1. Tell me the label only: which of (1) 14.7, 51; (2) 11.4, 34; (3) 15.3, 46 is Rg and Dmax of the Cα atoms in Å as calculated from this structure?
2. In nm, to one decimal, how far is the Ser25 label point from the Glu6 one, both placed 7 Å along Cα→Cβ?
3. Step through the table entries Lys29/Lys81; Lys20/Lys58; Lys7/Lys34; Lys7/Lys39; Lys20/Lys50; Lys7/Lys57, compare each Cα-Cα distance with 21 Å, and write down the pairs that go over it.
4. Only four residue types carry charge here, +1 at the Cβ of Lys and Arg and -1 at the Cβ of Asp and Glu. Report the dipole size of the chain about the Cα centre in Debye, rounded to the nearest 20.
Amino acid sequence: MKEELEKRAVMLGEYILEHKATVRSTAKKFGVSKSTVHKDVSERLGYINKRLYLDVKKILEINKAQRHIRGGFATKNKYAKIN
């Protein structure tokens, strides 16, 4: 069981790094919850692969800084479709 969790954490981290993906898009791709992705890459990955953890952390920080912009675009597009 522990090996499966470690493999999943590495796999999710590599996907985020390769695609510069968000937690939400990664969760959708792998069919797991956002909480699972977040726990795997922010907690477990640090013990398994420190270098990958640090690289993924940088991407997640960028995503967090940009999320208010993405939300604004989503709202704009939503109301553009209504009118």
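1. Matching the structure shown: (1).
2. 3.0
3. Table pairs above 21 Å Cα-Cα are Lys29/Lys81.
4. Details: 20 positive and 9 negative charges, 102 e Å.
Dipole of the chain, to the nearest 20 debye: 500 debye.
Readers should treat all values here as calculations from the given coordinates under stated rules, not as data from a laboratory. None of the values given here were measured: they were computed from a predicted structure. As a convention, Cβ positions derive from the backbone with ideal geometry for all residues, glycine included, and neighbour counts pool all protein chains shown.
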